[in-house]
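Only one structure is covered here, and it is reproduced in the block below.
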Amino acid sequence: MRITVETSVAAPIDQVWQAYTTPADIVKWNAASDDWHTTRATVDLREGGAFSSRMEAKDGSMGFDFAGTYTKIVTHKRIEYMLGDRKAEVEFVPGPNIVVVRVVFDGEATHSVEQQQAGWQAILDNFKRYVEAKQSA
């Protein structure tokens, strides 16, 4: 099953791309709720390069590594990657004064489609807030 989430970010494409692909930025926006955070991130932004984000509950009760391998990079346009045997694509579509960021990914069997879509959408919503706050700062 393929799941899609998207948002529109009011910022230039270079700032949107940088915030999405830079570890120092990722740790500031990559969480689905206020009781979770990303404690570290690594990015080797090239085809065949690896990425990892350590996501943890703030109370220390649980955590996991969101990690995979990039399979295609088209700067300012598209990122494709594998999460084990699952695929995901991130599309960046610049428009007048906004960039649409659309993520399409293979769902996993542990959580419902609705839970997965809500979690990934919440992370993308945090991304939008973070980039737009940086833009207006």
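The values are calculated or read from the model by the stated rules, or taken from the named source; none is laboratory data. Note that this is a predicted model, so its numbers are computed, not measured. Note that we place each Cβ from the backbone using ideal geometry, even for glycine, and neighbour counts take in every protein chain shown.
Does the stretch 29-47 include one or more residues that are assigned to a helix (DSSP H, G or I) and within 14 Å of the chain's Cα centre (by Cα)?
Scanning the stretch 29-47, I find at least one residue that is assigned to a helix (DSSP H, G or I) and within 14 Å of the chain's Cα centre (by Cα), so the answer is yes.
Only one of (1) under 18 Å from Met82 (Cβ atoms); (2) surrounded by 13 or more Cβ atoms within 10 Å (Cβ to Cβ) is not met by Asp44, so which one is it?
Condition not satisfied by Asp44: (2).
Mind counting the residues in the stretch 8-37 that are surrounded by 20 or more Cβ atoms within 10 Å (Cβ to Cβ) and polar (S, T, N, Q)?
1
Could you check how many residues of the stretch 1-26 are touching a residue at least 24 places away in the same chain (Cβ under 8 Å) and either in a helix (DSSP H, G or I) or within 15 Å of the chain's Cα centre (by Cα) (or both)?
The initial filter retains those residues of the stretch 1-26 that are touching a residue at least 24 places away in the same chain (Cβ under 8 Å), namely 1-17, 19-21, 25-26.
Add one more test, that the residue is either in a helix (DSSP H, G or I) or within 15 Å of the chain's Cα centre (by Cα) (or both), and what stays is 3-9, 13-17, 19-21, 25-26.
Number satisfying all stated conditions: 17.
Which count do you get for residues in the stretch 95-137 that are under 10 Å from Val9 (Cβ atoms) and at pLDDT 95 or above?
Total satisfying the criteria: 11.
Within the stretch 116-135, is even one residue in a loop (DSSP other than H, G, I, E, B), touching a residue at least 12 places away in the same chain (Cβ under 8 Å) and in contact with a strand residue (DSSP E or B) (Cβ under 7 Å, 6 or more places away or on another chain)? Spell out the reasoning first.
So the first thing to find is which residues in the stretch 116-135 are in a loop (DSSP other than H, G, I, E, B), and the list is none.
No; the residues of the stretch 116-135 include none that is in a loop (DSSP other than H, G, I, E, B), touching a residue at least 12 places away in the same chain (Cβ under 8 Å) and in contact with a strand residue (DSSP E or B) (Cβ under 7 Å, 6 or more places away or on another chain).
Just to check your reading of the model, which residue among Ile123, Ile98 is more than 25 Å from His37 (Cβ to Cβ) and not charged (D, E, K, R)?
Every option except Ile98 fails the conditions.
Among the residues of the stretch 73-102, count how many are in a strand (DSSP E or B) and either in contact (Cβ under 8 Å) with a residue 60 or more places away in the chain or more than 14 Å from the chain's Cα centre (by Cα) (or both).
Going through the stretch 73-102 one residue at a time, the tally reaches 13.
Assess whether Asp65 counts as being modelled with pLDDT under 95 and either within 15 Å of the chain's Cα centre (by Cα) or surrounded by 14 or more Cβ atoms within 10 Å (Cβ to Cβ) (or both).
Details: modelled with pLDDT under 95: yes; either within 15 Å of the chain's Cα centre (by Cα) or surrounded by 14 or more Cβ atoms within 10 Å (Cβ to Cβ) (or both): yes.
Yes: the conditions hold for Asp65.
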